[in-house]
Every structure is written in C-alpha cells, then in structure tokens.
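Peer 1: First the structure, then my questions, so here it is.
The values are calculated or read from the model by the stated rules, or taken from the named source; none is laboratory data. Keep in mind that this is a model prediction, so the values were computed, not measured. Because the Cβ atoms are built from the backbone with ideal geometry, glycine has one as well, and the counts that use them run over all protein chains shown.
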Amino acid sequence: MSPAAGRLDEGAGPLVRPYTMTGGRTRPAVGAGLDMISIVVAARERVDWGELQPEHARILRRCRTPVSVAELSAQLDIPLTVVKVLVGDLVAAGDVAARAPAPAADHPEAHVLQAVLDGIRRL
C-alpha cells in the first residue's frame with residue numbers, strides 16, 4: 001500500500017457525503033416545521049441502539065437534554081439540512097420530540113410581571 005493511500009484511508013470518516021447520511025433525501029419526512037431554533041429532546045429511553053444508524057445514535061445521545069437543531073449541527077459537525085432530515089427520522093420513530101420555541105408574543109408583558117411581583121411582595 002502506498003503512503004498516499006494510507007493517508008486517504010485515515011481521513012475517510014470526514015469524507016462521507018451528507019447525502020449518504022440521509023439516503024439522498026433533502027427534506028425530513030416528518031417534522032417539516034423544523035428550523036434551526038427548534039428544540040429537540042429525547043422522548044423515551046432507547047434500548048435497541050444497534051438498530052440506529054450512527055448519525056441517528058449520535059443525535060439521540062445529545063438530546064438527553066433539550067438542544068436546538070442548530071446546536072446539534074454545530075456539536076456533531078453535520079450540515080444543518082442533514083440534521084433536519086435525521087431529526088425528522090427520529091421524530092417519526094417516536095425517539096425525540098421537537099418543537100419551536102415559544103414566540104415572544106406568548107410571553108407576558110413586563111407590566112403584568114411587575115404587577116404579579118408587587119402582589120407577591122405585599123403578601
């Protein structure tokens with residue numbers, strides 16, 4: 001084996017093309033509402049880890065605590081579009097739950113919070 005071939009084999013891991021991780025899919029089958037700030041968390045304890053693709057397993061391990069799709073992409077060094085497809089697979093299998101963060105309009109206004117705080121102080 002030539003020295004050049006050895007170097008190519010050592011670095012083969014990062015040369016995996018994103019479409020091989022998703023089977024050529026570019027969009028999630030489920031979870032079309034996923035975006036980069038969607039929060040993902042494991043929905044159940046997985047016992048049959050051997051049935052998962054390595055990338056699915058890596059994502060599921062990171063989702064033991066809530067994490068955004070963008071954070072998963074950065075932490076696992078997988079393109080965002082690929083992470084969306086893989087998370088969609090895990091949502092479809094019931095392994096993770098994903099939701100968009102609450103919009104700012106759903107949060108109480110500052111004057112309402114101040115009124116509640118003032119009421120508590122009077123107690």
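Peer 1: Which condition does Ala100 not pass, out of (1) hydrophobic (A, V, I, L, M, F, W, C); (2) in contact (Cβ under 8 Å) with a residue 60 or more places away in the chain; (3) surrounded by 16 or more Cβ atoms within 10 Å (Cβ to Cβ), if it passes all the others?
Peer 2: Evaluating Ala100 over (1) hydrophobic (A, V, I, L, M, F, W, C); (2) in contact (Cβ under 8 Å) with a residue 60 or more places away in the chain; (3) surrounded by 16 or more Cβ atoms within 10 Å (Cβ to Cβ) leaves (3) as the failure.
Peer 1: Please find, among Glu71, Glu51, the residue that is closer than 13 Å to Val40 by Cα and without any contact (Cβ under 8 Å) to a residue 12 or more places away in the chain.
Peer 2: Testing whether each residue is closer than 13 Å to Val40 by Cα and without any contact (Cβ under 8 Å) to a residue 12 or more places away in the chain leaves just Glu71.
Peer 1: Quick check, is Arg58 modelled with pLDDT of 90 or more and either touching a Pro at 6+ places or on another chain (Cβ under 9 Å) or assigned to a helix (DSSP H, G or I) (or both)?
Peer 2: Against the criterion (modelled with pLDDT of 90 or more and either touching a Pro at 6+ places or on another chain (Cβ under 9 Å) or assigned to a helix (DSSP H, G or I) (or both)), Arg58 qualifies.
Peer 1: Among the residues of the stretch 63-90, count how many are within 8 Å of the chain's Cα centre (by Cα) and not aliphatic (A, V, I, L, M).
Peer 2: Here the count works out to 5.
Peer 1: Still on this structure, I have one more. Output the residues belonging to the stretch 81-108 that are among the small types (Gly, Ala, Ser) and either out of contact with any His (no Cβ under 9 Å at 6 or more places or on another chain) or modelled with pLDDT of 90 or more (or both).
Peer 2: Gly88, Ala92, Gly94, Ala97, Ala98, Ala100, Ala102, Ala104, Ala105
Peer 1: Quickly run through the stretch 43-58 and pick out the residues that are surrounded by 13 or more Cβ atoms within 10 Å (Cβ to Cβ) and closer than 14 Å to Gly94 by Cβ.
Peer 2: Correct list: Ala43, Arg46, Leu52, His56.
Peer 1: Something else now. The conditions are (1) among the hydroxyl-bearing types (Ser, Thr, Tyr); (2) at pLDDT 85 or above; (3) surrounded by 11 or more Cβ atoms within 10 Å (Cβ to Cβ), and Thr22 fails exactly one of them. Which is it?
Peer 2: (2) is the only condition that Thr22 fails.
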